[in-house]
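All of the numbers you see were taken from the coordinates with simple rules; none came from a lab. Since the model is a prediction, treat every value here as computed from it, not as a measurement. Glycine also receives a Cβ, built like all others from the backbone with ideal geometry; neighbour counts cover every protein chain displayed.
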Amino acid sequence: MVTTKSLFSADGLDDRSLDFLASAIEKNNLPGFDYFEFKRAVVSLIQMKLDEATAHKSAFTTAATVGVTKEKLLETAAYYKNVVEKEKEQFDKALENQNTTKITARQEETKRLRDQIERHKAEIARLQDEVAGYLNQIDQAENAVKLEGEKLEKAKAAFDRTHQSVSLQIDRDIENMHKYL
């Protein structure tokens with residue numbers, strides 16, 4: 001028996017897509033003998049090694065015995081073509097939805113992440129500048145501490161020398177008072 005899928009198969013076609021379209025044609029098969037049954041008869045005759053022209057003429061001669069005309073075959077062929085077109089429209093809509101959810105959404109996520117990275121880089125640069133400023137303040141403070149420390153050491157040394165000298169003078173005066181008075 002000739003399957004609907006085999007009626008339309010050709011080299012290089014996607015098997016899953018062909019299954020889908022063949023199923024749509026079967027679901028929408030009109031009652032009685034029409035293009036669909038005519039195509040099945042032609043393919044069966046070609047499989048019996050008849051040439052294409054003879055297969056078409058033979059299948060049409062048989063169909064004509066049940067009242068099928070060329071116009072009816074053309075009209076119903078257009079009907080099945082319309083069925084296939086509607087399936088393509090639905091597929092295109094589904095594909096667009098998939099594109100939106102799987103591609104566009106991910107592209108937006110990627111853009112959001114890149115933007116976040118740029119914000120973080122700017123924040124890092126700001127923090128590095130802030131750290132550099134703090135390091136500069138530390139250097140200035142350490143230099144000030146060193147200078148102040150040196151001043152204090154000089155003041156302490158000067159005070160200690162002066163204190164020692166005054167203290168020694170008082171000690172000598174006390175000694176002289178004991179000695180001379």
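Structure summary
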{"item": "Some residue of segment 63-70 being crowded, with 18+ Cβ neighbours inside 10 Å and among the aliphatic types (A, V, I, L, M)", "result": "yes"}
{"item": "Given (1) farther than 23 Å from residue 75 by Cα; (2) surrounded by 12 or more Cβ atoms within 10 Å (Cβ to Cβ), index of the condition residue 38 fails", "result": "(1)"}
{"item": "Complete set of residues in segment 1-56 that are of a type outside the set (Asp, Glu), over 23 Å from residue 69 (Cα atoms) and outside any loop (DSSP other than H, G, I, E, B)", "result": "5, 6, 16, 17, 18, 20, 21, 22, 23, 24, 27, 47"}
{"item": "Filter result for residue 130 (under 30 Å from residue 19 (Cα atoms) and more than 21 Å from the chain's Cα centre (by Cα))", "result": "no"}
{"item": "Residue that is surrounded by the most Cβ atoms within 10 Å (Cβ to Cβ) [pool: residues in segment 3-32 that are within 37 Å of the chain's Cα centre (by Cα) and of a type in the set (Lys, Arg)]", "result": "5"}
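Okay, residues lined up against (1) within 22 Å of residue 16 (Cβ to Cβ); (2) not hydroxyl-bearing (Ser, Thr, Tyr):
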site: 49; (1), (2): no, yes
site: 73; (1), (2): no, yes
site: 103; (1), (2): yes, yes
site: 112; (1), (2): no, yes
site: 134; (1), (2): no, no
